[in-house]
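Asks: First the structure, which I've put down as structure tokens, then a few questions once you've had a look.
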Amino acid sequence: MSLAIVHSRAQVGVEAPAVTVEAHLANGLPSLALVGLPETAVKESKDRVRSAILTSGFEFPPRRITLNLAPADLPKDGGRFDLAIALGILAASGQLPPDSLDSVECLGELALSGALRPVQGVLPAALAARDAGRTLVVPRANAEEACLASGLTVIAADHLLELAAHFNGHTRLPPYQAQGLLRQTRPYPDLAEVQGQSAAKRALLVAAAGSHNLLFSGPPGTGKTLLASRLPGLLPPLDEREALEVAAIHSVASHTPLDAWPQRPFRQPHHSASGPALVGGGSRPRPGEITLAHQGVLFLDELPEFDRKVLEVLREPMESGEIVIARAHDKVRFPARFQLVAAMNPCPCGYLGDPSGRCRCSPDQIQRYRAKLSGPLLDRIDLHVTVAREATVLNARTIDGPDSASAAREVAQARERQLSRQGRANAFLDLPGLRQHCALGEDDQRWLETACERLGLSLRAAHRILKVARTLADLEQAERIGRNHLAEALQYRTNLG
């Protein structure tokens, strides 16, 4: 047979569209043409495949070879199609039975020796192959990651010769059995290690219970970063769907989905990060920090030190939960449902309001410093908390306040109430959900409207106050929002002044 078809997968964002590799042999001068919108790395696969086939002891057919990667309008990049191309040539030249490739999908880069090298983005391809009902053939280094897609049959190999023997029926490769190497968790830092700061710990508990965004403001050394790093330990564990989403994103970004799976990510980019570093981009769009923080925490320390234009790119994904990167011919969507935690000093020197009286910043300097943060961005942060300096106690031996385990139990109970009532965390309630689940009595509604009018708060801020109040009620296992919940939620909007 002079025509063979092998199935593979491309990588577009966190999706894995199907690609059909067609290999056709015809009479004529020996040549090899590769069509189907391949990029440079794919075009170079011709030489890698030729050397891999020859060094593995197979015959490279001295005929006119045409390779088509369909669909033709889908860009293809990387070395992920090497294995499919090599198997297609071997099947078209009769060195492999073509029908043995009908029910499999192949991914892998070939070395010149015929050895298989790992590729990125295997997990999205594994999930798509499972949905298509096919077996996935991958390098052994990618097999553990592919097995995260439960219900998928994975064939792993180290060399092209092993796969040739498998498809020829000489030495069958057994389905790969997951070893659980990726299911390694690391202990989170304990909340009890943070001395004092009971008000900030309370705000951290509220933020975790309702998935609210949080901003800490205070002098240097008051524990803002310590508090932020404790948030992932308070959040509920990822369910299977969320864990696969996170692993798929990290699979696209690197060869290993996660160092510790299935924990929630905690991303802390430096304040010198650019806009594309946060949202992603490039000629071949890659996920940025906010996508890598999907289903986890994005911590921005020294918030006013970020470029204002960089911070403004956060506004849309904070509302929509996704990033859309537009290019001339296509758009790539990345999920970005993250929880923002930020920290800042109250003034350029950092000591405004400190009892030591060390601050010497002028009102103009303070105004310029705070003006680096736009009103619309601050409006999207539910909890504004001032972290004051407390008495220094070295080598404290007693547990200070609740530990992460007890706080996590409170958060889990509050989240269960939210999921059973509305199917999502309170921070993600839409307008109909607000009307249904955050209804107030007439007196409480008038009180909140008057307070928002006097404080000059926007309608978005009023809605976020309702969401935080709903979370406070859930922590107390209350059916309705009370005046005390509204008052506490309101003071989180006025703490920064």
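Asks: Could you work out the pair-distance distribution P(r) of the chain from its alpha-carbon pairs, with 10 angstrom bin width and percents rounded to whole numbers?
Replies: The distribution over the chain is 4, 17, 23, 20, 14, 11, 7, 3, 0, given as percents.
Asks: Taking a probe of 1.4 Å, how large is the accessible area per residue of region 1-40, in Å²? All intermediate terms of the calculation are to be shown ahead of the outcome.
Replies: Details: 1890 Å² over 40 residues.
On a per-residue basis, region 1-40 sits at 47 Å².
Asks: Okay, moving on. Give, as a single signed number, the net charge of other residues whose beta carbon lies under 13 Å from the beta carbon of GLU479, with Lys and Arg counted +1 and Asp and Glu -1.
Replies: So the environment of GLU479 carries a net charge of +2.
Asks: With every protein chain left in place, what is the accessible area per residue of region 351-497 in square angstrom, probe 1.4 Å? Walk me through the numbers on the way to the answer.
Replies: Details: 8420 Å² over 147 residues.
Result: 57 Å² per residue.
Asks: Something else: Please give the Cα centre distance for region 117-137 versus region 313-365, rounded to the nearest Å.
Replies: Region 117-137 and region 313-365 have Cα centres separated by 37 Å.
Asks: Once you put a point 7 Å from the Cα of LEU419 and another 7 Å from the Cα of ARG460, both along the Cβ direction, what distance in nm separates them?
Replies: Those two pseudo-labels are separated by 2.9 nm.
Asks: Can you give the local net charge around ASP158? Use residues other than it whose beta-carbon is closer than 15 angstrom to its beta-carbon, Lys and Arg +1, Asp and Glu -1.
Replies: Charge balance near ASP158 sits at -2.
Asks: Need one word for region 190-315: rounded, prolate or oblate. Basis is the Cα gyration tensor (sqrt eigenvalues a ≥ b ≥ c); a/c below 1.5 gives rounded, then a/b vs b/c decides.
Replies: Note, shape of region 190-315 comes out oblate.
Asks: Here is a further query. Given the DSSP H assignment, sum -39500 (n - 2.57) over each helix run of at least 4 residues in the chain and divide by its residue total; what's the result at 222 nm in deg cm²/dmol, nearest 500?
Replies: -11000 deg cm²/dmol
Asks: Give a residue-ordered list of calculated ³J(HN,Hα) values for region 227-241 (Karplus: 6.51 cos²θ - 1.76 cosθ + 1.60, θ = phi - 60°; whole Hz; x for Gly, Pro).
Replies: Listing the rounded values in order: 5, 4, 5, 8, 4, x, x, 8, 7, x, x, 5, 7, 4, 5 Hz.
Asks: Hey, another quick one. Tilt of helix 459-475 relative to the longest C-alpha principal axis of the chain, in degrees (0 to 90, nearest 10)?
Replies: For 459-475 against the chain, the angle is about 90 degrees.
Asks: Continuing with this model, one more query. How do 306-312, 47-53 rank on mean C-beta neighbours within 10 Å, highest first?
Replies: 47-53, 306-312
Asks: Separate question: Non-local amide H neighbours of ARG327 (under 5 Å, H modeled in plane, Pro and chain starts lacking H): which ones?
Replies: VAL332
Asks: What fraction of the DSSP beta bridges in region 1-78 is antiparallel, stated in percent and rounded to the nearest 5?
Replies: 70 percent
Asks: Give me a comma-separated list of calculated 3J(HN,Hα) values for region 156-170, in order, Karplus coefficients 6.51, -1.76, 1.60 applied at θ = phi - 60°, integers in Hz, x for any Gly or Pro.
Replies: 10, 8, 9, 8, 4, 5, 4, 5, 4, 5, 5, 6, 7, x, 7
Asks: Leaving out ligands and nucleic acids, and using a 1.4 Å probe, what accessible area per residue does region 278-340 come to in Å²?
Replies: Working: 2660 Å² over 63 residues.
So region 278-340 comes to 42 Å² accessible per residue, rounded to a whole number.
Asks: Let me ask something else about it. Tell me, how many Å apart are the Cα centres for region 43-69 and for region 427-458?
Replies: The two parts, judged by their Cα centres, are 67 Å apart.
Asks: Another question about this same structure. Where does the charge balance sit around GLY433 when Lys and Arg score +1, Asp and Glu -1, over other residues with C-beta under 12 Å from its C-beta? Spell out each step's value before the answer.
Replies: Values: positive: ARG421, ARG424, ARG435, LYS467, ARG470; negative: ASP430.
Net charge around GLY433: +4.
Asks: Give, rounded to the nearest 20 debye, the magnitude of the charge dipole that region 329-461 has about its Cα centre when Lys and Arg contribute +1 at Cβ and Asp and Glu contribute -1 at Cβ.
Replies: Values: 20 positive and 16 negative charges, 106 e Å.
Roughly 500 debye, rounded to the nearest 20.
Asks: Measure nothing fancy, just the Cα-based angle from helix 404-422's long axis to the longest principal axis of the chain, in degrees from 0 to 90, nearest 10.
Replies: Taking the Cα atoms of the chain, the angle to 404-422 is about 80 degrees.
Asks: How tilted is helix 442-455 with respect to the longest principal axis of the chain? Cα atoms for both, answer in degrees (0 to 90, nearest 10).
Replies: 90 degrees
Asks: For the chain, which whole-number percentage of the solvent-accessible area (1.4 Å probe, protein heavy atoms only) is attributable to carbon and sulfur atoms?
Replies: 51 percent
Asks: From the square roots a ≥ b ≥ c of the eigenvalues of the alpha-carbon gyration tensor of region 117-260, which class results: rounded (a/c under 1.5), prolate (a/b over b/c), or oblate?
Replies: On the way: a/c = 3.75, a/b = 3.13, b/c = 1.20.
Prolate.
Asks: Sorted by average packing, counted as other Cβ atoms within 10 angstrom per residue and highest first, what order do 169-176, 461-468 take?
Replies: Numbers: 169-176: 11.4, 461-468: 22.5.
By packing density, highest mean first, the sequence is 461-468, 169-176.
Asks: What order do you get for 198-209, 71-82 when each peptide is scored by the mean count of other beta carbon atoms within 10 Å, highest first? Mind showing how you got there, number by number?
Replies: Working: 198-209: 22.9, 71-82: 19.4.
Packing proxy ranking, top to bottom: 198-209, 71-82.
Asks: Further, regarding this structure: In Å and on Cα atoms, what radius of gyration and Dmax does region 35-144 show?
Replies: Reported Rg and Dmax, both Å: 13.6, 38.
The values are calculated or read from the model by the stated rules, or taken from the named source; none is laboratory data. Computed from a predicted structure; not experimentally measured. In this analysis, Cβ positions are derived from the backbone assuming ideal geometry, glycine residues included, and neighbour counts consider all displayed protein chains. Ligands, DNA and RNA are stripped out before the accessible areas are found, and what is left, the full protein with its side chains, is counted by its heavy atoms. Shrake-Rupley method; radii C 1.70, N 1.55, O 1.52, S 1.80 Å.
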